[in-house]
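Accompanying notes for the structure given below.
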Amino acid sequence: MPRSPLRTIDARARILAFSLSLIVAVSAVGSSPVTLAALCVFPTLLILVARVPWKTILRRLSFVGAFIVLAGVFTFVVPLTARPSPARFWFLLFGSLFAVISTATVAYSTTATEAMEALQRLRIPHHVIWTGALGLRYLPLVFGEGKKVHRAAQARGWGQGVTCATGRSVTCHSLTPIGWMTASLMSRGFDRALRTGEAMEARGFGSNKVVLEPCPLKARDWVVMAGYPGVLLAVRLLLHGVAS
């Protein structure tokens, strides 16, 4: 993770500033496209401050790109209603850009350990925190197990051409191997979950509460936490007043 000025800000301030900025952006529904585009400038500048690779941003934008294209087609090319609302499309476009860029910036500049500790200090229920932490930890492992099972099935001939007795080449794509792979993946997942639960109980998880040392927010943390969404709100109100 590259060094950036955003890393010097407390994780609690980063998370709260991000959450408040999302509230400001979502409350801008019905605003002009100019106002929505101006709000997207601020998270774009944060990309440069946090030094987030553009490949990371584009990879995340690709997930919502198809929905935005379909919304544009059904709004301007083949409208589904007699009176299509372009304002909804612009809000979907710029709102998605704002949310994806902001989320990618915060996620890239905050480690899982920092996020979990920040949520604990913000008095978030520990069941929610540990559920998210375990998901972030074990989802990549589940995908890795799935790739291993798929490679093992391919090594045994699944998905490859098979020559029949008549000399005709067919491809083995029956549902039986898919069921075997799914059952194997679920079996490994349950086994890993049981071993993880036993390891957590052996380490005393749930028997007592973890007491964190006091860590007050600094002045720069308060400035970022209140200043960033405050500037967004001021820009939104100013442009909305000019447009009206």
(request) Could you line up Phe91, Phe98, Phe67 from fewest to most neighbouring Cβ atoms inside 10 Å? (result) Phe67, Phe91, Phe98
(request) Would you kindly calculate the translational diffusion coefficient of the chain, applying Stokes-Einstein with the Kirkwood radius from alpha carbon pairs, for 37 °C and a viscosity of 0.692 mPa s, and quote it in µm² s⁻¹ without decimals? (result) 147
(message) Explain nothing, just compute: Karplus ³J(HN,Hα) = 6.51 cos²θ - 1.76 cosθ + 1.60, θ = phi - 60°, for every residue of region 69-86 in order, whole Hz, x for Gly and Pro.
(response) 4, 4, 5, x, 5, 6, 9, 10, 8, 10, x, 7, 10, 5, 10, x, 9, x
(request) Return the sequence-ordered ³J(HN,Hα) values of region 129-146 in whole Hz as given by the Karplus equation 6.51 cos²θ - 1.76 cosθ + 1.60 applied to θ = phi - 60°, using x for Gly and Pro. (result) 5, 6, 5, x, 5, 5, x, 5, 6, 9, 4, x, 5, 5, 5, x, 5, x
(request) Give me the aspartates and glutamates in straight-line cross-link reach of Lys148: C-alpha distance below 20 Å, same-chain residues under 8 apart excluded. (result) Asp191
(request) Fewest Cβ neighbours within 10 Å first, please rank Cys215, Cys40 accordingly. (result) Cys215, Cys40
(request) Pull up the cross-link candidates among the aspartates and glutamates for Lys147, meaning alpha carbon to alpha carbon under 17 Å and not fewer than 8 places away within one chain. (result) none
(message) Straight-line reach from Lys218: which aspartates and glutamates fall under 20 Å, measuring Cα to Cα and dropping same-chain residues less than 8 apart?
(response) Asp10, Glu114, Glu117
(request) Determine the distance separating the Cα centre of region 1-34 from the Cα centre of region 74-136; give it in Å without decimals. (result) 11
(message) For the chain, set up a GNM with springs between Cα atoms under 10 Å and report which of Thr35, Thr113, Thr44 has the largest fluctuation.
(response) Thr113
(message) How far apart, in nanometres, would the label points at Arg59 and Ser184 be if each is projected 7 angstrom from Cα along the Cα-to-Cβ direction?
(response) 2.7
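Bear in mind these aren't lab numbers, they're just calculated from the coordinates by the rules spelled out. Computed from a prediction, not measured in an experiment: that's the story for all the values here. Glycine also receives a Cβ, built like all others from the backbone with ideal geometry; neighbour counts cover every protein chain displayed.
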